[in-house]
Amino acid sequence: MGSMKRKINLQFWWIAGVSSLLTATLITVIFFQVFKQEIFEDLKTYACLLGNSGVLEHREQLDYLEKFNELRVTIIAPNGTVIFDNYAEKEQLDNHADRMEVEQAVEKGEGQMVRRSATLKESTFYYALPLSDGSVLRVAKEAGSIWGIVIKAIPLIILVMLFMFGICTVVAHLLTKSMLDPIEQMAGHLDDEKGVIAYQELTPFIEMIQKQHTDIVKGAKMRQEFTANVSHELKTPLTAISGYAELIENGMATSEHAVAFAAEIHKSSNRLLKLIDDIIRLSQLDSPKVQIEYEQVDLYACAKECMDWLSKSARDHKITMQLFGMKEVVYADYHMMEELIYNLCDNAIRYNNPGGKVSITVTNDVDFIYLIVKDDGIGISKEHQERIFERFYRVDKSRSKSTGGTGLGLAIVKHILVQHQIEMELVSEVGKGTEIKIIFDRNAKKK
């Protein structure tokens, strides 16, 4: 936040500096324009006074005008010849008929111009007025005297600039603080969903941050729980393997017991391998770079293949499996569909009762294709239904472990559904069984 404050302050300072400079420039331009207008008004007054005084009618009395050190007076004949000039010898001056101010005076009754004088070598203000005898009276003033006044005003202008910059700096600091303090307060209370949001424009941004913050906390908690569960789940078969192996190693097992112990070691090893395989598969599905190879998948054929794989497990658990429906093709990853159907059916077998049934149905309607896995097993109570797809979550922990379940099968199913953006419906009743319906959009195309 400190870096943001510095950036905002620097931007305000830059704006303040530019604004002060532009203000000073504007003041100078306006001051010069006003002063320029006043100079022309003064020159007009001088010209009118000289023209109306009658002094110019007596050319022999013009010598006193030479004492006007800052005011140049020139009388120009109708043909442009200079009759009198108090700053230069008239013989040295060229014809002035083409001077802009002289032309304007003849045509419009007065003329004014600012230009660099070839005689005075400086920018000069000229004002011309026609006289009754056809000649033109022109009075002029050097720009040097005007710029002298402007230069004298520069220290005051600089002082005003510094004062403005100082004020802007203080205001910038206060504005930055007032703008960012509410944001800092909100940043310190992201967990408070009812916290007051100072700027309503930030509401979507704050909500997004709060959601991300909640997701991060939830994700961290899930990872912590997952790590603890993995450790626990791995420890159980490893402890059994280590215990039975130690008994055999120490000669505490007879040949008859050794066979039984070896069978238990083999069973625990298989469970351990299955657990490791499921953990690795979940890790692969969690990866943002997981590749989904879409193709046309025959759900009916895929379900039949999974039934063949699970036939031994079904016989061992005394479960009857049935397949209904017909060929239905969906766009999906074939191997992921195999995993999905396998895990659903495996779960239905493990949480069933001896003599129970598991049915797989592939059917459709106008817009959707359905894969339905149904069993008549122990069922799932309402409080458990929202959590059965969590990792290592088991409705009946003792049953799952006794049947060799890892508690990760439905978590894998959930990942596959999310990856494919496929909908699912769950209907279950304790003691009557469970039905899981996977819903494929018939119109969905290859991604």
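The values are calculated or read from the model by the stated rules, or taken from the named source; none is laboratory data. Here the structure is a predicted model, which is why all the values come from computation and not from measurement. Using ideal geometry, Cβ is built from the backbone for each residue, glycine included, and neighbour counts are taken over all protein chains shown. Ligands, DNA and RNA are stripped out before the accessible areas are found, and what is left, the full protein with its side chains, is counted by its heavy atoms. Shrake-Rupley method; radii C 1.70, N 1.55, O 1.52, S 1.80 Å.
Per-structure values
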read-out: At R0 = 60 Å, FRET efficiency that the Cβ-Cβ distance of Arg115 and Glu184 yields, to 0.05; value: 0.45
read-out: For region 232-313: rounded, prolate or oblate by the Cα gyration tensor [a/c cutoff 1.5]; value: oblate
read-out: Long-range HN-HN contacts of Gly325 with modeled amide H, under 5 Å; value: Val362
read-out: Rounded accessible area of Tyr87 (nearest 10 Å², 1.4 Å probe); value: 70
read-out: Derived scalar couplings ³J(HN,Hα) [region 410-416; Karplus, 6.51 cos²θ - 1.76 cosθ + 1.60; whole Hz; x for Gly, Pro]; value: 6, 5, 5, 4, 4, 4, 5
read-out: Centre separation in Å (Cα based) which lies between region 228-276 and region 14-39; value: 93
read-out: Spacing of the two label points (7 Å from each Cα toward its C-beta) at Gln291 and Lys36, in nm; value: 7.5
read-out: Label-point separation, Val171 to Lys267 (7 Å along Cα→Cβ), nm; value: 8.4
read-out: Cβ-based net charge around Lys36, under 12 Å, with every Lys or Arg adding one and every Asp or Glu removing one; value: -2
read-out: Set Lys312/Lys437; Lys211/Lys437; Lys221/Lys267; Lys44/Lys141; Lys274/Lys327 screened for pairs whose C-alpha atoms are more than 20 Å apart; value: Lys312/Lys437; Lys211/Lys437; Lys221/Lys267; Lys274/Lys327
read-out: Under the Karplus curve 6.51 cos²θ - 1.76 cosθ + 1.60, θ = phi - 60°, whole-Hz ³J(HN,Hα) for region 157-165, x wherever Gly or Pro sits; value: 5, 4, 4, 5, 4, 5, 5, 4, 5
read-out: Whether region 277-329 is rounded, prolate or oblate, judged on the alpha carbon gyration tensor where a/c under 1.5 counts as rounded; value: oblate
read-out: Residues listed by number, region 415-435, amide nitrogen under 19 Å from Thr363 label point at 7 Å toward C-beta; value: 423-429, 433-435
read-out: Residue-span extension gain [Phe324 to Thr227] - 0.36 nm each, minus C-alpha spacing; value: 30.9 nm
read-out: Segments 16-24, 373-381, 129-137 sorted - mean Cβ within 10 Å per residue, highest first; value: 373-381, 129-137, 16-24
read-out: Cut-off under 5 Å, modelled amide H: who pairs with Arg115 long-range; value: Thr124, Tyr126
read-out: Sequence-distant residues sharing a close amide H with Val430 (under 5 Å, placed H); value: Ile380
read-out: Cβ-based net charge around Ile439, under 11 Å, with every Lys or Arg adding one and every Asp or Glu removing one; value: -3
read-out: Estimated inter-spin distance, Ala153 and Met252, nm [label 7 Å along Cα→Cβ]; value: 10.8
read-out: Whole-Hz couplings from phi, Karplus 6.51/-1.76/1.60, listed for region 75-81; x for Gly and Pro; value: 10, 10, 6, x, 8, x, 6
